[in-house]
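The values are calculated or read from the model by the stated rules, or taken from the named source; none is laboratory data. Computed from a prediction, not measured in an experiment: that's the story for all the values here. Don't worry about glycine lacking a Cβ; one is built from the backbone with ideal geometry, like all the others, and counts go over all protein chains shown.
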Amino acid sequence: MRLQSTVHRLPRAALLAALALVALGAGSAAAEDVIYGPDGAPTVVQRKLYPMSNRWELGLRLQTSLNTPLVVQDGALLDLSYHTNEWFDFGGELFGNYTALSNLADVIRQKLPERTATTPKDEIANTDQLRGGFLAVARVAPIYGKINLASEINVHFQTYLLLGAGVTMLHHESVNLCAVGGTTACPEGDFQTNDQITFVGELGGGFRFYLSEHWSLSAEVRAFLYPSQYKADNDLTNPTSGTETSYLGSMVSFSLGIARLF
Amino acid sequence: MRTHALIVFALAAFLGSAAHAQSARPIAPASAADGTQPAGESDDDVQAVHVVEKRPFTEGGRLELSLFAPIQVNTKFTAHIGMGLEVAYHIRENLAVQIGGLWNPIAQQSTLTEELVNKVNQQPLAADALLLQAGGLVGLELMPIYGKLNIFDGKILKLGFYLNVGLGLAKTELQLQSSSSPEGRTFGDTGIRPMAGLGAGFRVFLTDRFTLRLEIRDLVYSAYVSTVNGCNYSDTVAISHNGTGATVSSSCNISAFGSDPKGDAAVAAAQIQTPSADVVNNLTAYLGLSFLF
């Protein structure tokens, strides 16, 4: 009873401070539960320092391919999106890549076996080069968080998943099929090539780190998926031989970007 | 007096929070210039204060058992998918010693390697295609960064970013035949190699006992291969010519090449003809769940 009367005499500020201490001490018993204070507000920091709702975002990213050892694909991606709420935005993306066959592909070409008509061979797959494209993209950002560097610097971040669809310009250069008939080694620059514009889908995920209310950095991994083909059962001495075999091509890229929120 | 003592105590706890993972921030615009809210201000201002959130539990002095699903990320010439188990003792909140093991039931040549074998009769050197069958590491983990996240503005979870380093041993092998060969994939034992691991990742505390972990770890092991199934280059050449009738060194296990050893031995000979002093970098993503005792 004496304790109760003491508490009633405390100023409200002291009462809140005491409750705060209690909350600190009792926190270990309920790690993930939200505890509401006497003012009805939760006793943990839930506020988003950088709200996203109803804002436009313009971003520039630099990307490099991760899963195409036979092809080098480095480029940039420009995106513009609108955030309808805290966790969803949609927009468009435009990308362009510098592309070429890799050193490994060159080594393989240098050691290609002699061309003969006797044993049909398949073309090496996954040599497509995504030179550019445009996609409509939607992003969902379910997780907003904060990390503390050296107990001093707070870094707010967001994680997101993205899904998109569009068109891409594909350049295909075969590593092992020659465009010139015959049994001699294929001359440099005379391997089979073709270009096409085709559909592309993408899915990915990433982290956004807020620098300020208007600027953020992000790192993400995304996979571009597109219909592709390689030629099977080729007579290596005859460039017109072989049958097209379809498969789902992919380019997985890692990118770093900077974005401005308006 | 007692009231003042409480306030001072609260303020001290408030200011001392820099040592913890979180700092105090007001939910509404605060009158204080630095964004913090002294406990002695008017009631209206105080109501907006969201208190310092102390880490609700500590890992210090606790054992952690983790189960992982490691998947190789840099699958240029090889592909690995496996499982791992790790035990860590958290000496302090941010420092742990750990011992772990890894077993890759799927350790094989990548699609590209098999394409090269089948389509252009080429294959990478042993140094590039050495497979990690199993391994173990002992090391340290440092978790210098703490934070928290919320999901769709709802549930709040703690997280920590960590680095780890370890030393250990790797059980290695070479794939000798591709999946399209009549016998299917065949492998040759290349022995045990020293291995080091360097990783970075984060753990999300689902509760005070269960955590979700995602980590990228670079497993580095020696790619020097001079024997396959205990047989050196001369042995493998002899077997490729004479089969089971070959005269080989005492350490050479001909039967490990199968009942018709000529083909596998020829491949092995080609791969170990010029041993490399390189190391293999097996970049692996570890997704795991752990339990804190």
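Structure summary
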item	result
Positions within segment A:103-112 being in a loop (DSSP other than H, G, I, E, B) and either surrounded by 14 or more Cβ atoms within 10 Å (Cβ to Cβ) or not assigned by TED's automatic domain parsing to the domain that holds A:Ala223 (or both), in sequence order	A:Leu112
Only one of A:Val71, A:Val22, A:Val107 that is at pLDDT below 50 and of a type in the set (A, V, I, L, M)	A:Val22
Filter pass, A:Gly164 being small (Gly, Ala, Ser) and more than 10 Å from chain B (Cβ to nearest Cβ)	yes
Criterion: at positive phi and at pLDDT 85 or above - qualifying residue of B:Asn229, B:Asn253, B:Asn281	B:Asn229
Qualifying position, being more than 8 Å from every other protein chain (Cβ to nearest Cβ) and over 19 Å from A:Leu236 (Cα atoms), among A:Asn67, A:Asn97, A:Asn148	A:Asn97
Residues being out of contact with any Leu (no Cβ under 6 Å at 6 or more places or on another chain) and part of a helix (DSSP H, G or I) - total across segment B:252-267	8
Evaluation of B:Arg217 against (1) modelled with pLDDT under 90; (2) touching a Phe, Trp or Tyr at 6+ places or on another chain (Cβ under 8 Å) (one fails), failing number	(1)
Filter result for the condition that a residue is without any contact (Cβ under 8 Å) to a residue 60 or more places away in the chain and of a type in the set (Ser, Thr, Tyr), over A:Thr183, A:Thr198	A:Thr198
Some residue of segment A:153-160 being touching a residue at least 60 places away in the same chain (Cβ under 8 Å), under 29 Å from A:Ala125 (Cβ atoms) and surrounded by 15 or more Cβ atoms within 10 Å (Cβ to Cβ)	no
Residue list for segment A:100-137, restricted to those being hydroxyl-bearing (Ser, Thr, Tyr) and away from chain B (no Cβ under 13 Å)	A:Thr118
One residue from B:Gly139, B:Gly184 being out of contact with any Lys or Arg (no Cβ under 9 Å at 6 or more places or on another chain), more than 14 Å from chain A (Cβ to nearest Cβ) and crowded, with 20+ Cβ neighbours inside 10 Å	B:Gly139
Residue within segment B:121-133 that is of a type in the set (A, V, I, L, M) and in a loop (DSSP other than H, G, I, E, B) present	yes
Filter result (closer than 22 Å to B:Ala107 by Cα and polar (S, T, N, Q)) within segment B:259-293	B:Gln271, B:Ser276, B:Asn281, B:Asn282, B:Thr284
Residue that is within 14 Å of chain A (Cβ to nearest Cβ) and either within 25 Å of B:Met83 (Cβ to Cβ) or among the charged types (D, E, K, R) (or both), where the choices are B:Tyr146, B:Tyr162, B:Tyr221	B:Tyr162
Answer residue from segment B:190-211, given it is within 9 Å of chain A (Cβ to nearest Cβ) and part of a loop (DSSP other than H, G, I, E, B) and is surrounded by the most Cβ atoms within 10 Å (Cβ to Cβ) among those	B:Asp208
Residue match in segment A:89-102 (condition: free of Cβ contacts under 8 Å to residues at least 40 places away in the same chain, assigned to a loop (DSSP other than H, G, I, E, B) and surrounded by fewer than 16 Cβ atoms within 10 Å (Cβ to Cβ))	no
A:Phe134 surrounded by fewer than 18 Cβ atoms within 10 Å (Cβ to Cβ), among the aromatic types (Phe, Trp, Tyr) and in a strand (DSSP E or B)	yes
